[in-house]
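A.B. asks: Here it is: the structure, laid out below.
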Amino acid sequence: MKYVFDTSAVIYLLEKWGLLEKLLLFTSENDLCIPPRVREEFVSGDLGASDVKNLDRVFSVVQVKLDADLLPYFNYDASDGAVWVMSYTRQNPGDCCVIDEEFARDLCQFLRVRFTGCIGILKEMHESSIISSRELLQVKERIRKSSFYCTGRLLKELDNCIKA
Amino acid sequence: MSLLVDYGLDSPARSLPILALSLKDRNDQTTMGIMHIQKVMRYFEYLSGKGQIEFSHYKFGAVSYELMENIETLEDCGLVEEPEKDHLRLTALGSDIVSDVRSIVGDEDVRRLAFAKTQLNDLPLDELMFFMYKLLPETREHSTQAETLEKRKVPLSGSLFMKGRINSVTAGKWSGMTEKQFLASLSK
């Protein structure tokens with residue numbers, strides 16, 4: 001499966017949850033991509049050189065033509081990585097967005113764009129035995145200790161994933 | 001088709017409210033308040049970029065008298081009713097013609113209208129008005145509330161973001177912060 005990631009999903013999985021090795025294993029059977037705008041957003045954060053290197057190890061950059069029909073939903077502001085992720089997936093309907101912001105997920109649903117979130121990726125990893133239930137618990141602990149904003153839905157979905 | 005013509009439903013100011021009242025919001029409600037239907041229609045117009053209904057700027061922001069007059073006509077025709085003050089819903093007759101209305105509006109606009117209703121119909125009035133004033137700053141021109149709402153921009157933007165009505169880029173802008181500052185303020 002080809003997954004196209006939004007910035008916050010990359011930040012969660014790679015930077016905040018420290019899942020580099022797991023993501024690299026996941027790439028053996030899946031194609032993990034980001035649009036140039038997402039790379040730009042990620043790189044503009046407070047990162048070390050190794051974070052950028054790790055980003056490039058896991059994610060390949062795909063060129064995207066902006067879908068102008070999406071712009072009104074984003075108040076005509078194309079700076080949100082999600083607009084590029086959704087543009088790509090609308091042009092490549094077999095591929096899947098990885099988006100965690102509620103707004104963009106709702107929009108995906110309305111526009112019938114295929115999407116999942118970070119927890120969807122963790123579930124896939126769990127089913128492929130890349131990540132164990134115990135390691136998922138450790139992820140949850142990392143989220144709890146982090147000051148990075150994480151939605152209630154994400155935490156609830158993670159709980160369900162651990163219980164499964 | 002003749003029923004649509006008989007009721008003047010070939011006009012967007014009549015077909016769109018019928019369609020809006022047939023769609024469910026996040027709470028599975030189809031009923032809409034007068035202010036909510038006005039704002040949902042204006043948001044729909046913004047999303048479609050078509051300008052099919054005329055809006056002016058009054059003390060409650062963008063309001064359409066064309067829409068209100070046509071809704072009154074729909075009530076007179078027995079297609080729409082007001083079960084309680086300032087709340088509208090379709091009658092059984094109104095519900096019967098929805099599929100015909102859908103066919104003239106087209107799938108893309110049905111989706112846009114459904115999105116607009118889902119995003120706005122369950123919002124409390126202060127969040128609804130704040131959303132519209134921020135989306136369309138020109139509608140603040142004669143507003144009696146925009147200034148008061150602006151003073152509450154941080155909690156209002158935060159609430160709209162948490163409810164999934166705006167993205168973090170917009171929430172940052174509307175609350176007067178960078179996106180990063182806005183997200184950091186949520187985790188405090």
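The values are calculated or read from the model by the stated rules, or taken from the named source; none is laboratory data. The shown structure was predicted, so the numbers you read here are calculated from the model rather than taken from an experiment. Every residue, glycine as well, gets a Cβ built from its backbone with ideal geometry; the counts of neighbours run over all protein chains shown.
A.B. asks: Quick one: which residue in A:SER146, A:SER129 is over 17 Å from the mean Cα position of the chain (by Cα), of a type in the set (Ser, Thr, Tyr), more than 9 Å from chain B (Cβ to nearest Cβ) and surrounded by fewer than 16 Cβ atoms within 10 Å (Cβ to Cβ)?
C.D. replies: Only one candidate qualifies: A:SER129.
A.B. asks: Whether any residue in the stretch B:100-115 is touching a Phe, Trp or Tyr at 6+ places or on another chain (Cβ under 8 Å) and crowded, with 22+ Cβ neighbours inside 10 Å is what I want to check.
C.D. replies: yes
A.B. asks: Test A:TYR3 against the criterion of being out of contact with any helix residue (DSSP H, G or I) (no Cβ under 6 Å at 6 or more places or on another chain), hydroxyl-bearing (Ser, Thr, Tyr) and either in a strand (DSSP E or B) or surrounded by 21 or more Cβ atoms within 10 Å (Cβ to Cβ) (or both), and give yes or no.
C.D. replies: So A:TYR3 passes the test.
A.B. asks: Would you check if there is a residue in the stretch B:125-138 being away from chain A (no Cβ under 11 Å), without any contact (Cβ under 8 Å) to a residue 12 or more places away in the chain and acidic (Asp, Glu)?
C.D. replies: no
A.B. asks: Shifting gears a bit: Restricting to the stretch A:131-156, name every residue that is in contact with a Ser or Thr (Cβ under 9 Å, 6 or more places away or on another chain) and either part of a helix (DSSP H, G or I) or over 30 Å from A:LEU71 (Cα atoms) (or both).
C.D. replies: Residues satisfying the conditions are A:SER146, A:SER147.
A.B. asks: Return the residue satisfying two criteria in turn: it lies in the stretch A:89-102 and is surrounded by fewer than 24 Cβ atoms within 10 Å (Cβ to Cβ) and assigned to a helix (DSSP H, G or I), and of such residues it is modelled with the lowest pLDDT.
C.D. replies: Result: A:GLU102.
A.B. asks: What number of residues in the stretch A:13-51 are farther than 19 Å from A:MET86 by Cα, in contact (Cβ under 8 Å) with a residue 60 or more places away in the chain and either outside any helix (DSSP H, G or I) or out of contact with any Lys or Arg (no Cβ under 9 Å at 6 or more places or on another chain) (or both)?
C.D. replies: First, the residues of the stretch A:13-51 that are farther than 19 Å from A:MET86 by Cα: A:13-29, A:43-51.
If we keep only those that are in contact (Cβ under 8 Å) with a residue 60 or more places away in the chain too, we end up with A:13, A:16-19, A:22, A:25-26, A:29.
Next, only the ones that are either outside any helix (DSSP H, G or I) or out of contact with any Lys or Arg (no Cβ under 9 Å at 6 or more places or on another chain) (or both) stay: A:17-19, A:22, A:25-26, A:29.
The qualifying residues number 7.
A.B. asks: Going through B:LEU120, B:LEU160, B:LEU183 one at a time, which residue ends up being under 20 Å from the mean Cα position of the chain (by Cα), under 30 Å from A:SER44 (Cβ atoms) and either within 14 Å of chain A (Cβ to nearest Cβ) or in contact (Cβ under 8 Å) with a residue 12 or more places away in the chain (or both)?
C.D. replies: Values: B:LEU120 fails: under 30 Å from A:SER44 (Cβ atoms); B:LEU183 fails: under 20 Å from the mean Cα position of the chain (by Cα).
Just a single option satisfies the conditions, and that option is B:LEU160.
A.B. asks: Look at the stretch A:103-126 and say how many of its residues are part of a helix (DSSP H, G or I) and within 14 Å of chain B (Cβ to nearest Cβ).
C.D. replies: Residues flagged as part of a helix (DSSP H, G or I) and within 14 Å of chain B (Cβ to nearest Cβ) within the stretch A:103-126 amount to 8.
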